[in-house]
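First comes the structure, then the notes that go with it.
The values are calculated or read from the model by the stated rules, or taken from the named source; none is laboratory data. Keep in mind that this is a model prediction, so the values were computed, not measured. FYI the Cβ positions are ideal-geometry reconstructions off the backbone, even for glycines, and counts take in every protein chain you see. The protein model used for the area step is the full one, side chains on, heavy atoms only, and it has no ligands, DNA or RNA in it. Shrake-Rupley method; radii C 1.70, N 1.55, O 1.52, S 1.80 Å.
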Amino acid sequence: GLRFSYGTSGFRTEASVLGSVAFRAGVLAGLRSLVTGKATGLVITASHNQATDNGVKMVDPSGGMLARNWEPFAEDIANAVDVLEVKLSQVVETIIKNESVHENWKGKVLIARDTRPSGQALVAAAVKGIEAMGVAPVNMGVLTTPQLHWMVRATNKGEPQVNELAYYTKLSEAFKLLLDLNPRKPAVPRCLDIVVDGANGVGARKLLDLQMLIEGLNLEVRNSGEGELNHLAGADFVQKEKVLPAGFAASADSDRRCVTVDGDADRLAYFYVSGDGIFHLLDGDKILSLFARFLKQQVEALMGSEKDCIIPGYGRVNLGAVQTAYANGSSTKYLQEVLGLEVVLTPTGVKYLHEEAEKLDIGVYFEANGHGTVLFSERFLDFLRRESASSEILNSRLRACKRLLAVSEMVNQAIGDAISGLLMVEVVLTYSVWDVREWDALYEDVPSRQLKVKVKDRTCITTTNAETKVSRPAELQSAIDKEVENFTKGRAFVRPSGTEDVVRVYAEAGTQELADELAANVAVAVYELAGGVGPKPAKK
């Protein structure tokens, strides 16, 4: 009686019911490899969910998420029932009939899991599915989700070594090169002392592995696996609750640079406690702004005396940022008005941000939850390689070329990666000679509040303009606009959940009290105009 949906997070639910889904996802991963003629991947993880949950994420040959036009295939295969008209074998035969299979390619699927107790059995089920298609599974063991994505991408790019050591080596060498290219490089390298909340997940142990290759990177990893996965810890918990994770204390950790990653290490956020005991969060919006500022500085060094992002020998370089409507209004204003960058808004979901960032020469994207990365076009990277090889005089232009190439090696261009993201943050802070407080001062967040309203049928609401406006029912958008008019710095939008019958409300205003009030008033409008169920929200 269960129906499984494949979204940005792949399949994700209580682990005990995922056995058949894991097997069938293996079938699909094998099929995808046979059709594309390249290696694909499969990760058993439920990311920031509780330990009793698990999930399955598919990895496309690019290293990115499963192609959107294959998501319906994933759902058809997962939900096929032999006693009904749509049988599993029929779904597989339909895919084979409609998609051309590479006859001389035997297929290859890389598979990995996180540290959840249920992971090993689900990997075994997925392996059986892969083998059922006559494809060879390659079990990469326990990895972060971004590591498996990186390995699939590296495999199809023809990298000579595709394993954990190759991943760590690539990141650490690029990190060291960027520090060497710093014009403000100190005579005696300073130690980077960072306290890490590992969410009791796979990222904790992987960060300790990386630390062995980087001298001067001192990571004190807490929640390293001794406690329950994601319980009162991890990037999702810290970003949403805006509180310290378990194992941290305001007095003992005052003014220390702290980082939190989620259960499968594809999200990160920084935080600190100021001397007055106040908690400060530097989320995905702040990370995006920091990266964009650094990248613009490198582009300006390439431009020389030119203007409008015109680089001699290349032309206009398209540097831009990609966000969702959940990005804090102050961050978007900083990117547009201070940095002068184009900002593209997309619907919620990493796959949408990634697709837009791919259209740029340098595309930076982050969701507020800390999931994001930097993408470079192959045309721009080819230009940087030619420029780097054309001169041995290490002038400011050549240094900028080498820095951007090193960034392209250090960041994970397949997907958001907390480990490579941490290294990138530390590079930029070192170049800027900043601590987290100075970084935090880039802009001040507009106070915000998120709520959700239970409704009878979430499909009664449709949105447009990257989910910032309600197109149906029309009277709901009118009610939202009327509420927003009454608040200083007011902004609000609603969007239906992709997985449950709830409508999510987001509101910003000049003070936290006003943001709370605006969110509550919009929630009432949703309840009254979109078929709310259960207790009615109260206006403030």
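Across the stretch 482-540, the qualifying residues are those that are more than 17 Å from T462 (Cβ to Cβ) and of a type in the set (S, T, N, Q), and the one among them that is surrounded by the fewest Cβ atoms within 10 Å (Cβ to Cβ) is T488. For the stretch 432-448, check the following and say yes or no: at least one residue is open to solvent by 60 Å² or more (accessible area, probe 1.4 Å) and over 23 Å from I194 (Cβ atoms). Yes - at least one qualifying residue is present in the stretch 432-448.
Given the structure, is S251 hydroxyl-bearing (S, T, Y), farther than 26 Å from A414 by Cα and assigned by the TED database to the domain that holds S408? So S251 does not fit the description; no. Only one of the numbered conditions (1) closer than 20 Å to P473 by Cβ; (2) outside any strand (DSSP E or B); (3) charged (D, E, K, R); (4) within 28 Å of the chain's Cα centre (by Cα) is not met by D516, and that is (1). Confirm whether A29 is of a type in the set (A, V, I, L, M, F, W, C), open to solvent by less than 10 Å² (accessible area, probe 1.4 Å), touching a residue at least 40 places away in the same chain (Cβ under 8 Å) and part of a loop (DSSP other than H, G, I, E, B). The answer is no for A29.
Mind telling me which of the residues G416, G313, G370 ends up being of a type outside the set (D, E, K, R) and surrounded by fewer than 17 Cβ atoms within 10 Å (Cβ to Cβ)? Don't jump to the end; show me each part of the working.
Numbers: G416 fails: surrounded by fewer than 17 Cβ atoms within 10 Å (Cβ to Cβ); G370 fails: surrounded by fewer than 17 Cβ atoms within 10 Å (Cβ to Cβ).
The match here is G313.
With a requirement of 3 or more residues that are in contact with a Lys or Arg (Cβ under 8 Å, 6 or more places away or on another chain), the helices (runs of 4 or more DSSP H) lying completely within the stretch 276-367 that satisfy it span 284-303. Taking (1) aliphatic (A, V, I, L, M); (2) over 29 Å from A51 (Cβ atoms); (3) open to solvent by 10 Å² or more (accessible area, probe 1.4 Å) in turn, L219 satisfies each apart from (2). What about G63, is it open to solvent by less than 10 Å² (accessible area, probe 1.4 Å), touching a His at 6+ places or on another chain (Cβ under 6 Å) and outside the structural domain of T260 (by the TED database)? Yes; evaluated as a whole, the condition is true for this residue.
Using the structure shown, decide if A301 is out of contact with any Pro (no Cβ under 8 Å at 6 or more places or on another chain), touching a residue at least 40 places away in the same chain (Cβ under 8 Å) and open to solvent by 10 Å² or more (accessible area, probe 1.4 Å). Yes. Tallying residues that are farther than 18 Å from L375 by Cβ and not hydrophobic (A, V, I, L, M, F, W, C) within the stretch 148-158 yields 2.
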